[in-house]
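All of the numbers you see were taken from the coordinates with simple rules; none came from a lab. Note that the structure is predicted; figures quoted are calculated from it, not measured. Heads up, the Cβs are rebuilt from the backbone with ideal geometry, glycines too, and the neighbour counts pull from every protein chain shown.
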Amino acid sequence: MIRRFSMLASGLAMTAALAAPALAGASEGDLLISNVTVIDTETGTVAGGQDVLIDDGRIVLVAAHGAADAKADEVVDGTGKYLMPGLFDMHAHSNFAPIHRQTLAMMIANGVTAVREMGSDCVKPGGMGMCIADMRASQASIDANEMLGPRMLQLATAKIDSNRSEDADAQEIAYRPTSPEDAQETVDFMIARGADILKTSQEFEPETFRAFAAAANARGIPFGGHIPMMFSVADVSKMGMKSIEHARDLPLDCSTAGAPFRAQIMAIMKGESQEWPDRKAVPGAAVAGFDEKLCAEQIAAMVENDVYYVPTHLTREMDYRAGDKDYREDPRLGFISPMQQRHWNGDLDRTANGTADIRDDLEAFFLLGLKTTKLAHDAGVKVMVGTDANDTMVFPGFSIHDELGHLVKAGFTPMEALQAATSVPAGYFGRTEDFGGISAGKMSDLVLLTDDPIADIGNSNHIAMVIKGTRTYDRATLDAILEEVRAFATAPEAAGDAE
């Protein structure tokens, strides 16, 4: 049965309220959304005047208004409203224990009904980061409707690299392979630990990474994340990387600056050189050296090897806007705890501490990131929306709408941007029978909007209701959820130590 929920102050708990009057008819369900405009991102179509019947967490039928007799425990008048699939955040971080529940609540309140958690384990237990057993417990609680949050459809390891400390314990050694032999053991360890995807970092030794990729491919577990600095987008695509994160490497490799940068890092790793490239000069050099032919070659490797791309343009936006007063006074900071704000402010201060020329280069690099994302999309790369939620100035839930806007700024149509947050992720997970569209048989993860996001992508956050499976959250409930998060952010216990 579909149930509507309100939030309680203690622990973001949920209480049920029965839904009301039934319609006479042959088809039965829990919830009928009547006379709504359906935005089916799977088919790329928009159809007005539709009835959508839901039963036990699945869509039963989608039909022209009044064409099918329907009976439901609850009827929602969709006249003048727009129904789209629930949004996926394909690069999220909720595994900070002090703000875990609040992060998940903000996601639901903003129409995010599923996430890929790209950092769901701890290299060293005992800190603020949750370990994979803790994340599995949250995943199970959410699936059992005991805890508010989006579906966690994939849990990644913490970042794996070769940067091992001298006093590393066994678990850190597993996360920090420094030889091809280590790499095989790392893959085996992570599979036994229960990871769904192996997340890579930039700090990898070349032969160790090659062995790591080969071992992951042999064991059939996907790996993705950051690209080791000596390899290009094309290199890791050919090694079998499942997804590439952040609009940082592709813009570089789309320029004449890319190959020399990678070659210099490789020379250092081989002991042939000790001179590191000036990384502050990279954005400007990448912009100045943009080469469409080089870009096409990199992108072709992504297409040929079926690599997904999660550009998280929000993170490059922070790079150039770190000193922007309006940016730093975002009203959504009211949902962020003082502890987290202190961490963000430190990052913003460090990032903003550069010359005007460097800031101009960073803005131009951000724009080059948008351009190369559009080129990748047009060539057939499967682009997905990810936010890097909880990274500096990336507001869980809220920022997915900002990232949709960045894709449209890049040249995506609003429908294509929404597909990057719905139907493309469904394909990534191999779950198109369950997610990514609005048709009979799919799970009822849906967002009801008051305004048309196809006319203006900015309307994607004009949310009247969120439906996730058998749970519905109307606007009043969503507002109550957000008010609880805001209250937490101002409570004394949220002031904690940023470290």
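Grab the other residues whose beta carbon is less than 9 angstrom from that of Val233, score K and R as +1, D and E as -1, and report the net. That works out to -3. Among Phe223, Phe429, Phe395, the ranking by other beta carbons within 10 Å of each residue's beta carbon, starting with the fewest, stands as Phe429, Phe395, Phe223.
Find out how many positive minus negative residues lie around Gly284, taking Lys and Arg as positive, Asp and Glu as negative, among other residues whose Cβ is under 13 Å from that of Gly284.
In short, -3.
Once the C-beta distance of Asp330 and Glu28 is scaled by a Förster radius of 41 Å, the resulting FRET efficiency is 0.35 to the nearest 0.05. Extension gain for Glu172-Arg193 works out to 6.2 nm (0.36 nm per residue, less the C-alpha to C-alpha distance).
Efficiency by 1/(1 + (r/R0)^6): what FRET value for Glu292 and Asp360, r their Cβ-Cβ distance, R0 = 25 Å, to the nearest 0.05?
Values: r = 22 Å, r/R0 = 0.90.
The calculated FRET efficiency here is 0.65.
Taking 0.36 nm per residue of sequence separation and removing the Cα-Cα distance, the Trp276/Arg164 pair yields an extension gain of 38.3 nm. Under the shape rule built on the C-alpha gyration tensor, where the axes satisfy a ≥ b ≥ c, the range 335-475 is oblate, since a/c reaches at least 1.5 while a/b does not exceed b/c. Simple spin-label estimate for Ala491 and Arg475 gives 2.8 nm between the two label positions (7 Å along the Cα-to-Cβ direction from each Cα).
Counting only DSSP beta bridges with both residues in the range 87-428, the antiparallel share comes to about 10 percent.
May I ask you to order 60-69, 98-107, 162-171 by the average number of other C-beta atoms within 10 Å around their residues, highest value first?
98-107, 60-69, 162-171
Here is what passes the span test in the chain: the DSSP H helices with alpha carbon length of 15 Å or more along the helix axis and a Kyte-Doolittle mean of -1.0 or above are 132-143, 180-193, 206-219, 258-269, 292-304, 356-379, 398-410, 475-490. Would you compute the Debye intensity of the chain from its alpha-carbon atoms alone, equal scatterers and no solvent, and pass along log10 I(q)/I(0) at q = 0.11 Å⁻¹ to two decimals? Treating every Cα as an identical point scatterer, log10 I(q)/I(0) equals -0.94. Using alpha carbon centroids, what distance separates the range 254-310 and the range 111-125, in Å? Here the two parts' Cα centres lie 28 Å apart. Basic side chains Lys and Arg get +1 at the Cβ, acidic Asp and Glu get -1 at the Cβ, and with that the dipole of the range 87-428 about its Cα centre reaches some 540 debye. Of the residues Ser444, Ser141, Ser27, the one with the fewest other Cβ atoms within 10 Å heads the list, and the complete ranking is Ser141, Ser27, Ser444. Averaging the Cα positions of each part gives two centres, and for the range 139-213 and the range 324-382 these lie 27 Å apart.
Suppose the chain between Thr432 and Asp451 were pulled fully straight at 0.36 nm per residue; how much longer would it get relative to their current alpha carbon spacing?
Extra length from Thr432 to Asp451 when fully extended: 4.2 nm.
Put a dot 7 Å past the Cα of Ala214, heading toward its Cβ, do the same for Thr413, and the two dots end up 4.6 nm apart.
Amide H contacts under 5 Å for Met384: Tyr309, Val310, restricted to partners 5 or more places along the chain or on a different chain, H placed in the peptide plane at 1.01 Å from N. Debye-formula intensities of the range 225-357, expressed as log10 I(q)/I(0) at q = 0.10, 0.13, 0.21 Å⁻¹, are -0.42, -0.69, -1.22 (one equal scatterer per alpha-carbon, no solvent). What the Cβ-Cβ distance of Arg350 and His65 gives, at R0 = 56 Å and to the nearest 0.05, is a FRET efficiency of 0.50. Counting every other Cβ atom within 10 Å of each residue's Cβ, Arg316, Arg321, Arg58 order from fewest to most as Arg58, Arg321, Arg316.
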